[in-house]
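Q: This structure is in structure tokens; I'll ask about it shortly.
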Amino acid sequence: MRVIWMGLSWLMLASASAMAVEPAKLAAQKACMACHAAKAKIVGPAYSDIAKRYKGDKGAAARLTERIRAGSKGNWGAMAMPPQAVTPEEAKLLAQWVLKQ
């Protein structure tokens, strides 16, 4: 029984680490990089500019998470960001990553 439990524990740990997603890779997979770059404005603002604007704002991650999922308009000029096809967890991961840039 102990061997089975150890095997299941290892399998659960392996699955959890396989599910961990690199935020930069997720941003590329979800086509975020088509409109945003790390340090330069493309269509939308640079990730570094977003991080600067929200530095010290404790509610920024939650607001950015919602804006990624629902889209936004008027926060960075006239160009709107359409809603993105991401899960709530992916949106949260992306928002946290952007704020660290």
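The values are calculated or read from the model by the stated rules, or taken from the named source; none is laboratory data. Bear in mind the structure is a predicted one, so any value in this text is a computation, not a measurement. Note that we place each Cβ from the backbone using ideal geometry, even for glycine, and neighbour counts take in every protein chain shown.
Q: Report, by residue number, each residue of segment 72-101 that is out of contact with any Ser or Thr (no Cβ under 7 Å at 6 or more places or on another chain), surrounded by 14 or more Cβ atoms within 10 Å (Cβ to Cβ) and of a type outside the set (Ser, Thr, Tyr).
A: The answer is Asn75, Trp76, Gln84, Val86, Glu90, Leu93, Leu94, Gln96, Trp97, Val98, Leu99.
Q: Checking the structure you have, find out if any residue of segment 20-40 is modelled with pLDDT of 95 or more, of a type in the set (A, V, I, L, M, F, W, C), in contact with an Asp or Glu (Cβ under 7 Å, 6 or more places away or on another chain) and in a helix (DSSP H, G or I).
A: Yes, segment 20-40 contains at least one residue that is modelled with pLDDT of 95 or more, of a type in the set (A, V, I, L, M, F, W, C), in contact with an Asp or Glu (Cβ under 7 Å, 6 or more places away or on another chain) and in a helix (DSSP H, G or I).
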